[in-house]
Structure formats: C-alpha cells, structure tokens
Amino acid sequence: MRASLSEQPFDVLQLLGATLSQLLAPMHLTALACTCSTLGRALAGAVQELKRDHRMLRAMLTRCGTTLGFVAGGPRVGLMWGGKSIDAAESRLIAMLVQSGALSHVPWLSLNNNNIGDGGLSSISVAFRAGRLAQLKELSLSRNQLSDLALAGLAGAVASGALDTLLTLRLSCNQIGDAGLSAFARALQPTADLPT
C-alpha cells in the first residue's frame, strides 16, 4: 500500500518540489503550487496545537496582568506571576517562553502560590537548561505542591550551569524533604572540588 503525499516526510516533499520546479517554470510558483495544500493538510494538527497554545498563553498572561506583546518584547523587569492559578499545563507554556528567549532579561520571576506541581516544574526545569535566563537572580516557587522529585529536576538545571546568575531560590511551603535538598546541594557543588 502506498503512502499518500501528505504522509511523506518534509525532506521528501522538499525534494519533490525542487524536482518539479526544475522541470516547469516559474520555479517558485511551481514548488508552492505542488506542495502548499498538501503541506497545509500535513501540518494542520501542528497548526491547531499552536493556535491552542497561543490562546492558552494569552489567557494566562492576561490573568497574570500582562500582555503577549509585553512578554514578546523581552521584559527587563521582574515578573510577579504569583497566585494566578498557574497549573502544570500552563507551566509548559512558561517553559516555551523560557526556551524562546523571551524571558532572557528578566531579573526575577515569582511563581509563588500556584498549582505548578512536580510535572510543571519538570517542564520548566528542562527549559532552564537551554541557558536563556542570563539575568535571572531570583526565582520564587513557594506554595506550589512541589516534592523532592521536582527539586531534583531543578538541581539538574543548576548543575548544567544554566542558572549561574541565580542568587535566591524560594521554596517554602512545599513537600520538599532531605532527599530533594541533598540532590540540590550536590548540584551546587562544582564537580572539580568533589573527592574522587
């Protein structure tokens, strides 16, 4: 059974478009005519997901008292997003903002008193590893139902060197115990100084 054109990988479609454009003129219009509608159908799911994420992000930012334009402009001030009912799903959006570099100049980020949880902080911690928070000096995560598991993920971001500018981390009123604190303390120690 043959796969339809919409099921082909992008590089195959690109090669097909390039081949057809060499045979017919004008080249750029031929490539577009041959691939756009098929690519549009193939990417429809991804486009719908992006539109959904955009709506969710806009709603979250409105609830946080800011706008998409302000965040897209690369704010150079601290962001007070505490007590805004941010959950694990919206934490994924914060992670996307971090990875995009939109928060690269933010000196402090307050996410206190939300519902981020371990899964949400895991998403954010992975984004932190991209190293796009060059100015972050303070991160507040108090009252977010975080456990040792979440702190271990954050420790990984610290150990990677991506949060070297971080001076203050607030974690009060979470379910973090000795195991999480030990993992975090180990991440703060430079590996060169550890005994062999």
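The values are calculated or read from the model by the stated rules, or taken from the named source; none is laboratory data. Note that the coordinates shown come from a computational prediction; the quantities given were computed from them, not determined experimentally. Please note: Cβ atoms are built from the backbone with ideal geometry, for glycine as well, and neighbour counts cover all protein chains shown. We work out accessible area using only protein heavy atoms, side chains counted, and drop any ligands, DNA or RNA first. Shrake-Rupley method; radii C 1.70, N 1.55, O 1.52, S 1.80 Å.
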Checklist entry - What is the number of the single condition among (1) open to solvent by less than 20 Å² (accessible area, probe 1.4 Å); (2) touching a Lys or Arg at 6+ places or on another chain (Cβ under 8 Å) that F128 does not meet? => result (2)
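Could we say that S110 is closer than 17 Å to L166 by Cβ, in contact (Cβ under 8 Å) with a residue 12 or more places away in the chain and surrounded by fewer than 20 Cβ atoms within 10 Å (Cβ to Cβ) here? Break it down stepwise before answering.
On the way: closer than 17 Å to L166 by Cβ: yes; in contact (Cβ under 8 Å) with a residue 12 or more places away in the chain: yes; surrounded by fewer than 20 Cβ atoms within 10 Å (Cβ to Cβ): yes.
Yes: the conditions hold for S110.
Are any residues in segment 43-71 aliphatic (A, V, I, L, M) and closer than 18 Å to I124 by Cα, and if so, which ones? Before the answer, list the steps.
So in segment 43-71, the residues aliphatic (A, V, I, L, M) come out as 43-44, 46-47, 50, 56-57, 59-61, 68, 71.
The answer is M56, L57, M60, L61, V71.
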Item to check | segment 131-164, subset part of a loop (DSSP other than H, G, I, E, B) and open to solvent by 50 Å² or more (accessible area, probe 1.4 Å), residue nearest to A102 (Cα to Cα) | outcome: R132
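So which of R63, R92 ends up being within 24 Å of S142 (Cβ to Cβ), touching a residue at least 12 places away in the same chain (Cβ under 8 Å), open to solvent by 60 Å² or more (accessible area, probe 1.4 Å) and out of contact with any helix residue (DSSP H, G or I) (no Cβ under 7 Å at 6 or more places or on another chain)?
Working: R92 fails: out of contact with any helix residue (DSSP H, G or I) (no Cβ under 7 Å at 6 or more places or on another chain).
Just a single option satisfies the conditions, and that option is R63.
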Next on the checklist: So Q99 ticks every box in (1) at pLDDT below 95; (2) open to solvent by less than 60 Å² (accessible area, probe 1.4 Å); (3) part of a helix (DSSP H, G or I); (4) not hydrophobic (A, V, I, L, M, F, W, C) but one. Which box is left unticked?
Outcome noted: (2)
Checklist entry - Would segment 175-194 turn up any residue that is surrounded by 16 or more Cβ atoms within 10 Å (Cβ to Cβ), outside any helix (DSSP H, G or I) and at negative phi? => result yes
